[in-house]
Amino acid sequence: MECRGAGASEHTTEGYSLSQYANDIIELLNKLEIKKFTFVGHSMGGGLGYILGSNYFERLNGLILLAPIPSDGYKPNEKEHQIKKEFREDKDELGLLNQFLSRPFRREVETDEWFKRRAHHICSVSVGHFDEIALSMEQLNIKPFLKDIKTPTLILSGAHDTLLSKNQEDSQLLPNATLKVYHNAGHDIAVQEPLAIATEINKFIKHNYK
C-alpha cells in the first residue's frame, strides 16, 4: 500500500499524519473485507505498526517492523531533510540521485536502479507527505503504550543503523517481541539483506499461523 501523497495514491490536500495513515490502512482493509492481517512496515511504516498495534490490535495477526522509527518520535537530520527538500522542489531527480550515489553503504546490492527509484519517489511525493509527515514522525509518542501491545512482533534492524539502540529499547518494552540484528546492514535492510529478511519474515508468519 502506498500512503496518500505518494506513488499512485491520491495527493490529498489534508490528512498527512501517522494516525490518519493508520486509519487509511484499516479503511482499505475494511473495503477489501479483510478482517485480520499481518502488517509489515519499514522506517516510517514501523511507526504506523506501533499505532496499529495500540489502536487496532484486534485486527492483527502480527507486526513485522523493519528498522522502525522510535516509538517516542524521530526527527530527521535537518541538513539532509533540507537538501532533499531543495531537490524535490526543483524536481531535480538527477541531482538527488548523484547525492545518493556519492555515499552508498553497500554498493554491491544498492543498484543504480534502486537509487533512481528512491530519488524519483522523493521528488514526486506531495508537499504534505514530505513536510507534514516529517513533523508527525517527530511528534509521535506511543512509547507509554508499548507495554500493552500483546501482538506478536518481529523487529528487524541493521547493526549500522543509527536507530538500532532505539529499536533495542522499544523491543524490550513490547511484551511479545523478538529483535533480530543484521550485522552487515544499515537502515535499508530489505535491500541490503533481502534473502535473510525474507527468510525471517516467512518463519515468523508460519510460526504465528500454526
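Things to note:
- Single unsatisfied condition, Lys31 versus (1) assigned by TED's automatic domain parsing to the domain that holds Asp188; (2) touching a helix residue (DSSP H, G or I) at 6+ places or on another chain (Cβ under 7 Å): (2)
- Test: residue in region 117-137 that is among the small types (Gly, Ala, Ser) and more than 23 Å from Glu2 (Cβ to Cβ): no
- Residues that are touching a strand residue (DSSP E or B) at 6+ places or on another chain (Cβ under 7 Å) number at least 2 in none of the helices (runs of 4 or more DSSP H) confined to region 85-171.
- Taking the numbered list (1) closer than 22 Å to Arg106 by Cβ; (2) touching a helix residue (DSSP H, G or I) at 6+ places or on another chain (Cβ under 6 Å) in turn, His160 passes all entries but (2).
- On the stretch given as region 84-97, residues that are surrounded by 14 or more Cβ atoms within 10 Å (Cβ to Cβ) and not aliphatic (A, V, I, L, M) total 7.
- The condition (being out of contact with any Pro (no Cβ under 6 Å at 6 or more places or on another chain), of a type outside the set (A, V, I, L, M, F, W, C) and part of a helix (DSSP H, G or I)) is satisfied by just one residue among Ser71, Ser54: Ser54.
- Residue within region 98-107 that is among the charged types (D, E, K, R), crowded, with 16+ Cβ neighbours inside 10 Å and at pLDDT below 95 present: no
- Residue within region 67-77 that is touching a His at 6+ places or on another chain (Cβ under 9 Å) and modelled with pLDDT of 95 or more present: yes
- Within region 52-83, the set of residues being without any contact (Cβ under 8 Å) to a residue 60 or more places away in the chain and surrounded by fewer than 19 Cβ atoms within 10 Å (Cβ to Cβ) comprises Asn55, Tyr56, Glu58, Arg59, Asn77, Glu78, Lys79, Glu80, His81, Gln82, Ile83.
- Inter-residue pairs, beta-carbon under 9 Å, first under 12 Å from Leu66 (Cα atoms) and in region 140-159, second of a type in the set (Phe, Trp, Tyr) and outside any strand (DSSP E or B), 6+ apart: Leu154/Phe204; Gly158/Phe105
- All positions within region 172-210 that are of a type in the set (Asp, Glu) and assigned to a helix (DSSP H, G or I): Glu200
- You will find that of Ser102, Ser19, the residue that is polar (S, T, N, Q) and in the same structural domain as Phe204 (by TED's automatic domain parsing) is Ser19 and no other.
- Those residues of region 80-123 which are of a type in the set (S, T, N, Q) and under 22 Å from the mean Cα position of the chain (by Cα), in sequence order: Gln82, Gln99, Thr111
- Inclusion of His129 among residues that are at pLDDT 95 or above and in the same structural domain as Leu173 (by TED's automatic domain parsing) is not warranted.
The values are calculated or read from the model by the stated rules, or taken from the named source; none is laboratory data. All of these numbers come straight from a predicted model, not from anything done at the bench. Glycine also receives a Cβ, built like all others from the backbone with ideal geometry; neighbour counts cover every protein chain displayed.
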